[in-house]
Amino acid sequence: MPSPRAAAFFGALGAGPLAWAALRAASAHPELVEDLYSRGAFPWLAAAAGALPRLVPFGVAEPLAALLVAAAGALAFRFVRSRPGRRLRASAFAALWLLAGASAIAAGVVALFALNVSRQRVATLYALAPAPREVAELEALGAELEAEAAALRAGIAEDARGVHRAPSRAALLDVAAGFAELETRVGWPRVSLPAPRPAWLSPLLTRFGISGIYIPFTAEPLVNGGAPDHELPFTAAHELAHQRGFAREDEASFLAFLACRAHPSPDVRYSAAMEAADLVGVALWQAGEDGRAALQRVRRRETEAMRRDRAASRAFWSAARGPVHEAARRVNDAFIRGTGQEAGVRTYGLAVDLMLAWRAAAPR
(Lines give C-alpha, C1' and ligand atoms only; values in the text may rest on other atoms or scores of the structure.)
Protein backbone atom coordinates (compact mmCIF):
# COMPACT_ATOMS: atom_id res chain seq x y z
CA MET A 1 0.00 0.00 0.00
CA PRO A 2 1.53 3.37 -0.99
CA SER A 3 2.35 5.89 1.70
CA PRO A 4 0.15 9.02 2.03
CA ARG A 5 3.00 11.06 0.57
CA ALA A 6 3.31 8.81 -2.47
CA ALA A 7 -0.47 8.77 -2.92
CA ALA A 8 -0.55 12.58 -2.82
CA PHE A 9 2.28 12.78 -5.35
CA PHE A 10 0.76 10.38 -7.87
CA GLY A 11 -2.71 11.83 -7.35
CA ALA A 12 -1.47 15.35 -8.07
CA LEU A 13 0.59 14.16 -11.03
CA GLY A 14 -2.36 12.40 -12.63
CA ALA A 15 -4.93 15.12 -11.87
CA GLY A 16 -3.84 17.42 -14.69
CA PRO A 17 -4.09 14.90 -17.55
CA LEU A 18 -7.43 13.64 -16.22
CA ALA A 19 -8.78 17.20 -16.02
CA TRP A 20 -7.58 17.93 -19.55
CA ALA A 21 -9.35 14.79 -20.81
CA ALA A 22 -12.52 15.83 -18.98
CA LEU A 23 -12.34 19.29 -20.55
CA ARG A 24 -12.07 17.81 -24.02
CA ALA A 25 -14.91 15.36 -23.39
CA ALA A 26 -17.15 18.10 -21.99
CA SER A 27 -16.92 20.12 -25.21
CA ALA A 28 -19.18 17.57 -26.91
CA HIS A 29 -21.97 17.98 -24.32
CA PRO A 30 -22.72 21.69 -23.80
CA GLU A 31 -26.26 21.13 -22.54
CA LEU A 32 -25.03 18.68 -19.90
CA VAL A 33 -22.26 21.05 -18.81
CA GLU A 34 -24.76 23.91 -18.65
CA ASP A 35 -27.23 22.04 -16.44
CA LEU A 36 -24.92 20.05 -14.16
CA TYR A 37 -21.92 22.32 -13.86
CA SER A 38 -22.39 25.93 -14.98
CA ARG A 39 -25.85 26.35 -13.40
CA GLY A 40 -25.47 23.50 -10.93
CA ALA A 41 -22.17 22.92 -9.14
CA PHE A 42 -20.15 25.94 -10.28
CA PRO A 43 -21.96 28.74 -8.36
CA TRP A 44 -21.51 26.84 -5.11
CA LEU A 45 -17.89 26.00 -5.89
CA ALA A 46 -17.22 29.71 -6.54
CA ALA A 47 -18.98 30.66 -3.30
CA ALA A 48 -16.88 28.14 -1.35
CA ALA A 49 -13.64 29.29 -3.00
CA GLY A 50 -14.50 32.92 -2.24
CA ALA A 51 -15.41 32.38 1.41
CA LEU A 52 -12.12 33.71 2.82
CA PRO A 53 -11.80 36.77 0.51
CA ARG A 54 -15.32 37.83 1.55
CA LEU A 55 -14.29 37.89 5.21
CA VAL A 56 -11.14 40.00 4.92
CA PRO A 57 -10.68 43.54 3.58
CA PHE A 58 -7.89 42.56 1.20
CA GLY A 59 -7.25 40.10 -1.61
CA VAL A 60 -5.88 36.72 -0.63
CA ALA A 61 -4.91 35.32 -4.04
CA GLU A 62 -1.63 37.21 -4.22
CA PRO A 63 -0.40 36.17 -0.74
CA LEU A 64 -1.31 32.58 -1.59
CA ALA A 65 0.63 32.87 -4.83
CA ALA A 66 3.59 34.19 -2.85
CA LEU A 67 3.41 31.11 -0.63
CA LEU A 68 3.49 28.86 -3.70
CA VAL A 69 6.53 30.71 -5.01
CA ALA A 70 8.17 30.35 -1.59
CA ALA A 71 7.46 26.60 -1.63
CA ALA A 72 9.04 26.30 -5.08
CA GLY A 73 12.00 28.28 -3.78
CA ALA A 74 12.34 25.92 -0.84
CA LEU A 75 12.57 22.98 -3.24
CA ALA A 76 15.26 24.78 -5.20
CA PHE A 77 17.11 25.61 -1.98
CA ARG A 78 16.99 21.95 -0.99
CA PHE A 79 18.70 21.13 -4.25
CA VAL A 80 21.39 23.79 -3.78
CA ARG A 81 22.11 22.75 -0.20
CA SER A 82 22.26 19.05 -0.94
CA ARG A 83 25.63 17.30 -0.99
CA PRO A 84 27.24 16.90 -4.44
CA GLY A 85 26.66 13.17 -4.40
CA ARG A 86 22.94 13.66 -3.79
CA ARG A 87 22.42 16.73 -5.97
CA LEU A 88 21.13 14.81 -8.97
CA ARG A 89 18.63 12.94 -6.82
CA ALA A 90 17.52 16.14 -5.09
CA SER A 91 17.15 17.88 -8.45
CA ALA A 92 14.97 15.06 -9.80
CA PHE A 93 12.91 15.07 -6.60
CA ALA A 94 12.30 18.82 -6.83
CA ALA A 95 11.45 18.65 -10.54
CA LEU A 96 8.93 15.86 -10.03
CA TRP A 97 7.18 17.64 -7.18
CA LEU A 98 7.07 20.86 -9.16
CA LEU A 99 5.54 18.94 -12.06
CA ALA A 100 2.98 17.35 -9.72
CA GLY A 101 2.14 20.78 -8.29
CA ALA A 102 1.64 22.25 -11.77
CA SER A 103 -0.58 19.30 -12.67
CA ALA A 104 -2.71 19.82 -9.56
CA ILE A 105 -3.05 23.55 -10.28
CA ALA A 106 -4.13 22.82 -13.85
CA ALA A 107 -6.75 20.38 -12.55
CA GLY A 108 -7.99 23.02 -10.13
CA VAL A 109 -8.37 25.57 -12.92
CA VAL A 110 -10.46 23.10 -14.91
CA ALA A 111 -12.61 22.06 -11.94
CA LEU A 112 -13.16 25.59 -10.63
CA PHE A 113 -13.51 27.49 -13.90
CA ALA A 114 -12.43 26.17 -17.30
CA LEU A 115 -15.23 23.62 -17.70
CA ASN A 116 -17.42 26.65 -18.34
CA VAL A 117 -15.78 26.97 -21.75
CA SER A 118 -17.94 24.02 -22.77
CA ARG A 119 -21.26 25.46 -21.60
CA GLN A 120 -23.92 26.67 -24.02
CA ARG A 121 -22.99 29.78 -25.96
CA VAL A 122 -24.15 33.22 -24.87
CA ALA A 123 -25.65 33.68 -28.33
CA THR A 124 -28.02 30.82 -27.50
CA LEU A 125 -28.77 32.27 -24.07
CA TYR A 126 -29.76 35.63 -25.61
CA ALA A 127 -31.31 34.16 -28.79
CA LEU A 128 -28.83 36.01 -31.00
CA ALA A 129 -28.35 35.04 -34.62
CA PRO A 130 -24.87 35.44 -36.14
CA ALA A 131 -24.61 38.76 -37.96
CA PRO A 132 -22.19 39.37 -40.84
CA ARG A 133 -19.11 41.42 -39.93
CA GLU A 134 -19.57 43.87 -42.79
CA VAL A 135 -17.89 47.26 -42.80
CA ALA A 136 -21.22 49.07 -43.04
CA GLU A 137 -22.58 47.26 -39.99
CA LEU A 138 -19.38 47.84 -38.02
CA GLU A 139 -19.45 51.52 -38.94
CA ALA A 140 -23.06 51.89 -37.83
CA LEU A 141 -22.35 50.20 -34.49
CA GLY A 142 -19.19 52.21 -33.98
CA ALA A 143 -20.97 55.49 -34.73
CA GLU A 144 -23.71 54.69 -32.22
CA LEU A 145 -21.18 53.84 -29.52
CA GLU A 146 -19.11 56.97 -30.19
CA ALA A 147 -22.22 59.15 -29.95
CA GLU A 148 -23.28 57.41 -26.75
CA ALA A 149 -19.83 57.87 -25.22
CA ALA A 150 -19.78 61.54 -26.20
CA ALA A 151 -23.13 62.19 -24.52
CA LEU A 152 -22.05 60.42 -21.32
CA ARG A 153 -18.62 62.06 -21.23
CA ALA A 154 -20.17 65.52 -21.17
CA GLY A 155 -21.71 64.87 -17.76
CA ILE A 156 -18.88 63.25 -15.80
CA ALA A 157 -15.91 64.61 -13.89
CA GLU A 158 -12.30 64.94 -14.98
CA ASP A 159 -8.96 65.76 -13.38
CA ALA A 160 -6.65 68.73 -13.90
CA ARG A 161 -5.34 67.18 -17.12
CA GLY A 162 -8.84 66.92 -18.52
CA VAL A 163 -8.89 63.12 -18.22
CA HIS A 164 -11.90 61.22 -16.87
CA ARG A 165 -11.72 60.94 -13.08
CA ALA A 166 -14.47 59.18 -11.11
CA PRO A 167 -15.36 60.19 -7.53
CA SER A 168 -13.68 57.00 -6.24
CA ARG A 169 -12.10 53.81 -7.49
CA ALA A 170 -14.55 51.85 -5.32
CA ALA A 171 -17.46 53.32 -7.28
CA LEU A 172 -15.85 52.25 -10.56
CA LEU A 173 -15.47 48.66 -9.36
CA ASP A 174 -19.00 48.37 -7.94
CA VAL A 175 -20.47 46.91 -11.13
CA ALA A 176 -22.34 43.87 -9.79
CA ALA A 177 -25.70 45.66 -10.06
CA GLY A 178 -25.44 45.46 -13.84
CA PHE A 179 -25.56 41.66 -13.72
CA ALA A 180 -29.06 41.44 -12.21
CA GLU A 181 -30.74 40.69 -15.55
CA LEU A 182 -28.15 38.06 -16.48
CA GLU A 183 -28.42 36.37 -13.10
CA THR A 184 -32.19 36.15 -13.49
CA ARG A 185 -31.83 34.80 -17.02
CA VAL A 186 -29.50 31.96 -15.99
CA GLY A 187 -31.13 31.29 -12.61
CA TRP A 188 -28.00 32.22 -10.66
CA PRO A 189 -28.51 31.18 -7.01
CA ARG A 190 -28.25 33.62 -4.13
CA VAL A 191 -24.61 33.06 -3.26
CA SER A 192 -22.15 35.62 -1.91
CA LEU A 193 -19.03 36.23 -3.97
CA PRO A 194 -15.99 38.50 -3.60
CA ALA A 195 -16.25 41.95 -5.14
CA PRO A 196 -13.67 43.18 -7.67
CA ARG A 197 -10.53 44.61 -6.07
CA PRO A 198 -7.39 46.35 -7.33
CA ALA A 199 -4.51 43.90 -7.39
CA TRP A 200 -1.66 44.56 -4.98
CA LEU A 201 0.70 43.77 -7.83
CA SER A 202 -0.93 46.17 -10.28
CA PRO A 203 2.48 47.55 -11.42
CA LEU A 204 3.47 43.99 -12.34
CA LEU A 205 0.20 43.49 -14.21
CA THR A 206 0.98 46.67 -16.14
CA ARG A 207 4.37 45.26 -17.13
CA PHE A 208 2.59 42.14 -18.36
CA GLY A 209 -0.03 44.18 -20.23
CA ILE A 210 -2.84 42.73 -18.10
CA SER A 211 -5.89 44.83 -17.24
CA GLY A 212 -7.62 42.23 -15.06
CA ILE A 213 -7.53 38.62 -13.99
CA TYR A 214 -9.93 36.14 -12.41
CA ILE A 215 -8.45 33.78 -9.80
CA PRO A 216 -10.63 30.65 -9.67
CA PHE A 217 -9.01 29.29 -6.50
CA THR A 218 -10.29 32.24 -4.48
CA ALA A 219 -13.08 33.40 -6.85
CA GLU A 220 -11.48 36.86 -6.85
CA PRO A 221 -11.88 39.30 -9.76
CA LEU A 222 -8.73 41.45 -9.66
CA VAL A 223 -8.17 44.56 -11.76
CA ASN A 224 -5.12 46.59 -12.60
CA GLY A 225 -5.61 49.54 -10.26
CA GLY A 226 -3.23 51.74 -12.23
CA ALA A 227 -5.28 51.69 -15.43
CA PRO A 228 -7.20 54.82 -16.51
CA ASP A 229 -10.59 55.29 -14.85
CA HIS A 230 -12.66 54.81 -17.98
CA GLU A 231 -11.25 51.28 -18.42
CA LEU A 232 -11.83 49.99 -14.89
CA PRO A 233 -15.62 49.33 -14.85
CA PHE A 234 -15.51 47.33 -18.09
CA THR A 235 -12.51 45.34 -16.84
CA ALA A 236 -14.20 44.65 -13.50
CA ALA A 237 -17.38 43.55 -15.26
CA HIS A 238 -15.39 41.28 -17.59
CA GLU A 239 -13.86 39.51 -14.57
CA LEU A 240 -17.27 39.34 -12.86
CA ALA A 241 -18.62 37.58 -15.95
CA HIS A 242 -15.88 34.99 -15.48
CA GLN A 243 -16.84 34.74 -11.82
CA ARG A 244 -20.41 33.99 -12.88
CA GLY A 245 -19.31 31.11 -15.06
CA PHE A 246 -18.67 32.60 -18.51
CA ALA A 247 -15.17 31.48 -19.36
CA ARG A 248 -14.94 32.46 -23.02
CA GLU A 249 -13.21 35.80 -23.38
CA ASP A 250 -15.47 37.15 -26.13
CA GLU A 251 -18.58 36.26 -24.14
CA ALA A 252 -17.17 37.80 -20.94
CA SER A 253 -16.50 41.06 -22.81
CA PHE A 254 -19.97 41.06 -24.36
CA LEU A 255 -21.59 40.46 -20.98
CA ALA A 256 -19.41 43.19 -19.46
CA PHE A 257 -20.72 45.52 -22.14
CA LEU A 258 -24.35 44.66 -21.35
CA ALA A 259 -23.80 44.82 -17.58
CA CYS A 260 -22.10 48.23 -17.69
CA ARG A 261 -24.80 49.60 -19.99
CA ALA A 262 -27.44 48.48 -17.47
CA HIS A 263 -25.66 50.17 -14.55
CA PRO A 264 -27.10 53.36 -13.00
CA SER A 265 -23.72 55.14 -12.89
CA PRO A 266 -22.83 57.30 -15.93
CA ASP A 267 -19.13 56.59 -15.26
CA VAL A 268 -19.79 52.87 -15.67
CA ARG A 269 -21.96 53.34 -18.76
CA TYR A 270 -19.25 55.55 -20.27
CA SER A 271 -16.76 52.72 -19.76
CA ALA A 272 -19.05 50.33 -21.68
CA ALA A 273 -19.43 52.71 -24.61
CA MET A 274 -15.73 53.58 -24.83
CA GLU A 275 -14.39 50.05 -24.50
CA ALA A 276 -16.92 48.64 -26.95
CA ALA A 277 -16.22 51.45 -29.41
CA ASP A 278 -12.51 50.66 -29.21
CA LEU A 279 -13.18 46.99 -29.94
CA VAL A 280 -15.22 47.99 -32.97
CA GLY A 281 -12.43 50.36 -33.99
CA VAL A 282 -9.93 47.50 -34.01
CA ALA A 283 -12.32 45.41 -36.12
CA LEU A 284 -12.67 48.27 -38.62
CA TRP A 285 -8.92 48.77 -38.78
CA GLN A 286 -8.48 45.07 -39.52
CA ALA A 287 -11.10 45.20 -42.29
CA GLY A 288 -8.72 46.80 -44.77
CA GLU A 289 -8.85 50.11 -46.61
CA ASP A 290 -12.64 50.42 -46.53
CA GLY A 291 -12.69 49.68 -42.81
CA ARG A 292 -10.04 52.28 -42.05
CA ALA A 293 -11.91 54.91 -44.02
CA ALA A 294 -15.05 53.99 -42.05
CA LEU A 295 -13.11 54.27 -38.79
CA GLN A 296 -12.09 57.81 -39.71
CA ARG A 297 -15.73 58.71 -40.24
CA VAL A 298 -16.72 57.09 -36.93
CA ARG A 299 -14.05 58.98 -35.01
CA ARG A 300 -15.41 62.31 -36.22
CA ARG A 301 -17.97 61.87 -33.45
CA GLU A 302 -15.21 61.73 -30.85
CA THR A 303 -15.11 64.75 -28.53
CA GLU A 304 -11.95 66.40 -27.33
CA ALA A 305 -12.55 64.96 -23.85
CA MET A 306 -12.82 61.44 -25.27
CA ARG A 307 -9.62 62.06 -27.23
CA ARG A 308 -7.81 62.95 -24.01
CA ASP A 309 -9.07 59.79 -22.33
CA ARG A 310 -7.87 57.62 -25.20
CA ALA A 311 -4.51 59.38 -25.21
CA ALA A 312 -4.16 58.62 -21.48
CA SER A 313 -4.83 54.94 -22.19
CA ARG A 314 -2.26 54.81 -24.98
CA ALA A 315 0.34 56.51 -22.80
CA PHE A 316 -0.31 54.14 -19.89
CA TRP A 317 -0.07 50.91 -21.87
CA SER A 318 2.64 51.93 -24.33
CA ALA A 319 5.01 52.56 -21.41
CA ALA A 320 4.82 48.84 -20.61
CA ARG A 321 5.58 47.57 -24.13
CA GLY A 322 8.61 45.33 -24.36
CA PRO A 323 9.86 41.74 -24.11
CA VAL A 324 8.06 41.10 -20.80
CA HIS A 325 4.75 42.25 -22.24
CA GLU A 326 5.20 40.09 -25.34
CA ALA A 327 6.16 37.04 -23.28
CA ALA A 328 3.06 37.50 -21.10
CA ARG A 329 0.90 37.83 -24.22
CA ARG A 330 2.24 34.53 -25.52
CA VAL A 331 1.59 32.80 -22.20
CA ASN A 332 -1.97 34.17 -22.11
CA ASP A 333 -2.50 33.07 -25.70
CA ALA A 334 -1.33 29.55 -24.86
CA PHE A 335 -3.56 29.42 -21.76
CA ILE A 336 -6.66 30.56 -23.68
CA ARG A 337 -5.99 28.04 -26.44
CA GLY A 338 -5.44 25.34 -23.81
CA THR A 339 -8.97 25.88 -22.49
CA GLY A 340 -10.42 25.19 -25.92
CA GLN A 341 -10.67 28.75 -27.30
CA GLU A 342 -8.95 28.20 -30.62
CA ALA A 343 -8.47 31.88 -31.46
CA GLY A 344 -6.27 32.51 -28.42
CA VAL A 345 -5.93 36.18 -27.49
CA ARG A 346 -7.87 37.10 -30.65
CA THR A 347 -10.94 35.71 -28.84
CA TYR A 348 -11.30 39.05 -27.02
CA GLY A 349 -12.03 40.78 -30.32
CA LEU A 350 -14.75 38.29 -31.22
CA ALA A 351 -17.01 40.13 -28.77
CA VAL A 352 -17.71 42.46 -31.69
CA ASP A 353 -19.59 39.66 -33.46
CA LEU A 354 -21.89 39.30 -30.44
CA MET A 355 -22.39 43.06 -30.34
CA LEU A 356 -23.36 43.10 -34.01
CA ALA A 357 -25.88 40.28 -33.42
CA TRP A 358 -27.20 42.13 -30.35
CA ARG A 359 -27.63 45.33 -32.36
CA ALA A 360 -29.40 43.43 -35.17
CA ALA A 361 -31.83 41.90 -32.65
CA ALA A 362 -32.55 45.16 -30.82
CA PRO A 363 -35.96 46.73 -31.51
CA ARG A 364 -35.79 49.85 -33.67
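Residues of segment 96-120 that are of a type in the set (S, T, N, Q), over 13 Å from GLY16 (Cα atoms) and part of a helix (DSSP H, G or I): ASN116, SER118. Taken over segment 42-67, residues that are aliphatic (A, V, I, L, M) and surrounded by 13 or more Cβ atoms within 10 Å (Cβ to Cβ) amount to 10. The set of residues from segment 205-221 being of a type in the set (Ser, Thr, Tyr) and either outside any helix (DSSP H, G or I) or crowded, with 23+ Cβ neighbours inside 10 Å (or both) comprises SER211, TYR214, THR218.
In this structure, does PRO57 turn out to be under 27 Å from GLU183 (Cβ atoms), of a type outside the set (Gly, Ala, Ser), at pLDDT 75 or above and outside any helix (DSSP H, G or I)? So PRO57 passes the test. Within segment 138-190, the residues that satisfy the criterion of being crowded, with 17+ Cβ neighbours inside 10 Å and under 19 Å from TRP285 (Cα atoms) are LEU138, GLU139, LEU141, GLY142, ALA143, GLU144, LEU145, GLU146.
The set of residues in segment 197-245 being without any contact (Cβ under 8 Å) to a residue 24 or more places away in the chain and out of contact with any Leu (no Cβ under 9 Å at 6 or more places or on another chain) consists of PRO203, LEU204.
Looking at segment 222-296, the helices (runs of 4 or more DSSP H) lying wholly inside it that each contain 1 or more residues that are over 17 Å from the mean Cα position of the chain (by Cα) and among the acidic types (Asp, Glu) sit at 266-285. Taken together, ALA305, ALA320, ALA311 contain a single residue that is in contact with a Ser or Thr (Cβ under 7 Å, 6 or more places away or on another chain) and either surrounded by fewer than 12 Cβ atoms within 10 Å (Cβ to Cβ) or of a type in the set (A, V, I, L, M, F, W, C) (or both), which is ALA320.
The values are calculated or read from the model by the stated rules, or taken from the named source; none is laboratory data. The structure displayed is predicted, hence computed values, not measured ones. Glycine gets a Cβ as well: all are built from the backbone with ideal geometry, and neighbour counts include every protein chain shown.
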